[in-house]
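The values are calculated or read from the model by the stated rules, or taken from the named source; none is laboratory data. Keep in mind that this is a model prediction, so the values were computed, not measured. Here the Cβ positions follow ideal geometry from the backbone for every residue, glycine too, while neighbour counts run over all protein chains shown.
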There are 2 protein chains.
Amino acid sequence: MTTMSARLDAAIAEVSVEIDRQFDVLLAVPDDPRADLYRAMRHAAMGGGKRLRPLLLFATATLFDVDRACAARAATALEAIHVYSLIHDDLPAMDDDDMRRGKPTVHKVYGEACAILAGDCLHALAFEWLADSDVLPDPFVRADLVLDLARAAGPSGMAGGQMMDLKAEGSRFDLQTVTRLQQLKTGALISAAVEAGAILGRVPPAGRVGLRGYAHDLGLAFQIADDLLDAEGDEALAGKKLRKDEVAGKETFLTLLGAERAREQARMLVDQAIAHLHAYGTEADLLRDIARFVLERDR
Amino acid sequence: MTTMSARLDAAIAEVSVEIDRQFDVLLAVPDDPRADLYRAMRHAAMGGGKRLRPLLLFATATLFDVDRACAARAATALEAIHVYSLIHDDLPAMDDDDMRRGKPTVHKVYGEACAILAGDCLHALAFEWLADSDVLPDPFVRADLVLDLARAAGPSGMAGGQMMDLKAEGSRFDLQTVTRLQQLKTGALISAAVEAGAILGRVPPAGRVGLRGYAHDLGLAFQIADDLLDAEGDEALAGKKLRKDEVAGKETFLTLLGAERAREQARMLVDQAIAHLHAYGTEADLLRDIARFVLERDR
């Protein structure tokens, strides 16, 4: 059963095509000893994933009539950061995963050294792409997008959350600590996607309160849904190994709340996320669809 | 014997203190599960190294009367990129080094996962620090510094050179390919340091030709000197393992040119680098000192 709207279906398909097209151009394989580095980046970046973060960026940018080429560039940089984090998270020294998005992980195909460098390169390229005045002519927009993305990627965001996650094994984290961990690990980049749409739309910070509330609640709902999927999902559909938190003995929303309360909490957060959009009319329907989709997804 | 001028001595000491002071403030250890992540970053970033890149940035910024706080911020971001690359290069899957700057490497002290994340965090923080309008008020300067540094760090710079270096083992690279490899691996970040000084000084690209020539020749001279040091230097003084290129069977300037011609080439490049500064008076004497120092250094 799928309750995805036709509008959301179309948007996901369109964004997926656009992001693949961008990576295809920006990651053209050079004819020199760096060829494998680019092949490794393409392997990880292209042809897979839900593209949730680019979708959120596009959906937010739509509210403010942002130029599509500008939004596409920012969305590609954002996805590059997400992809680099997946490459590094999958490394033997980290989560040691063999499969991702239904394909062998980068280090399985290209070796560990190349995987580390491919992640590092996508990380640097994300900021190079955001700082490109040919595509993003406004220097305030360029600098603010860099700040938004760098904060979300670093120790006060995604990488900081990943560090907490490493420490979670064997620790008895409480609900507050798990919430903070997840806000950093996945919430920060989801918030950065929505924030980037507002930056591109030159919305002053005071005008971003509703969108920030939306992103915050959506991020937590997404993570709870992810925990449920990890515990109850189908590995073939997910395209990656599941039940890892259980094996590692980590506290999650699921272990702390139980499946029923976790599901209820996710539903409440999605309702709250949608309520934060009250100032917007039908132009925000795609953002509302995305929030509902988070509860329904099976991969 | 040392031929370092008193001026260079004083500048190195001053820059070293300033960079350590910046890292000390910017990498304050939080009281939460991310503490080890910050300790790992501090271990790698503080109290060591020649600070050659920050020194070049400060010396260039001096030509244009750049505000010292702006130069210090940019220099710290630049050094953070250099330090992150050392952390990742030292990993078992890369060069597998146990010692760096006379101390155990980050993964030896904090483990591989934490080392990967510490590198990733310094990478993100470098861009966060450059995009901070409180310290760098001009948005053009912020965006241009990000572009400068991101290009120098990514696949067309440092990380691309590192990838070529991985492929160098067993390949019979010729002088042209080794030169290209080194221009990417170490030259790009040295050039970025000088370029950053010019960006901070709001020098239009047409006014940067001499400085770019200086940085280009200096970068190659530095690498040849590094090869000579690797072959002839003292491990205790260098604070790291030497003779690795020889063991790995890689072509270097030394294997391709022989020690005498390599030394002669480095001398010529330093003379050329200094000649590129002809438009500047005594205000560029520190840049000239740095070029001469590259030939004389013993670590």
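Structure above, values below:
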read-out	value
Flag for A:Q162 being part of a helix (DSSP H, G or I) and surrounded by fewer than 24 Cβ atoms within 10 Å (Cβ to Cβ)	no
The range B:44-65, residues that are under 13 Å from B:G102 (Cβ atoms) and either crowded, with 24+ Cβ neighbours inside 10 Å or touching a Gly at 6+ places or on another chain (Cβ under 9 Å) (or both)	B:A44, B:G48
Condition check for A:L166: within 8 Å of another protein chain (Cβ to nearest Cβ), farther than 26 Å from A:A262 by Cα and of a type in the set (A, V, I, L, M, F, W, C)	no
Single condition A:D96 does not satisfy, out of (1) facing chain B (nearest Cβ under 7 Å); (2) within 14 Å of B:I116 (Cα to Cα); (3) free of Cβ contacts under 8 Å to residues at least 60 places away in the same chain	(1)
Residue match in the range B:141-162 (condition: more than 7 Å from chain A (Cβ to nearest Cβ) and over 20 Å from B:G219 (Cα atoms))	yes
Residue within the range A:25-33 that is over 18 Å from A:A77 (Cα atoms) and assigned to a helix (DSSP H, G or I) present	no
Sole residue being modelled with pLDDT of 95 or more, under 30 Å from A:V135 (Cβ atoms) and not β-branched (V, I, T), chosen from B:R42, B:R73, B:R51, B:R68	B:R73
Filtered residues of the range B:67-92 (kept if in contact with a His (Cβ under 9 Å, 6 or more places away or on another chain) and surrounded by fewer than 21 Cβ atoms within 10 Å (Cβ to Cβ))	B:P92
Residues being free of Cβ contacts under 8 Å to residues at least 24 places away in the same chain and of a type in the set (K, R) - total across the range A:1-59	3
Lone qualifier among B:R208, B:R267 - being surrounded by fewer than 18 Cβ atoms within 10 Å (Cβ to Cβ) and among the basic types (K, R)	B:R267
Residue in the range A:180-201 that is more than 15 Å from the chain's Cα centre (by Cα) and at pLDDT below 95 present	no
The one condition in (1) in contact (Cβ under 8 Å) with a residue 12 or more places away in the chain; (2) surrounded by fewer than 20 Cβ atoms within 10 Å (Cβ to Cβ); (3) of a type in the set (G, A, S) that A:S133 fails to fulfil	(1)
Qualifying residue in the range B:170-187 (condition: buried (at least 24 other Cβ atoms within 10 Å of the Cβ) and more than 11 Å from chain A (Cβ to nearest Cβ))	yes
Odd one out for B:S85, checked against (1) within 10 Å of another protein chain (Cβ to nearest Cβ); (2) under 17 Å from B:D24 (Cα atoms); (3) among the hydroxyl-bearing types (S, T, Y)	(2)
Residues (within 8 Å of chain B (Cβ to nearest Cβ), out of contact with any helix residue (DSSP H, G or I) (no Cβ under 8 Å at 6 or more places or on another chain) and not charged (D, E, K, R)) located in the range A:101-140	A:G111
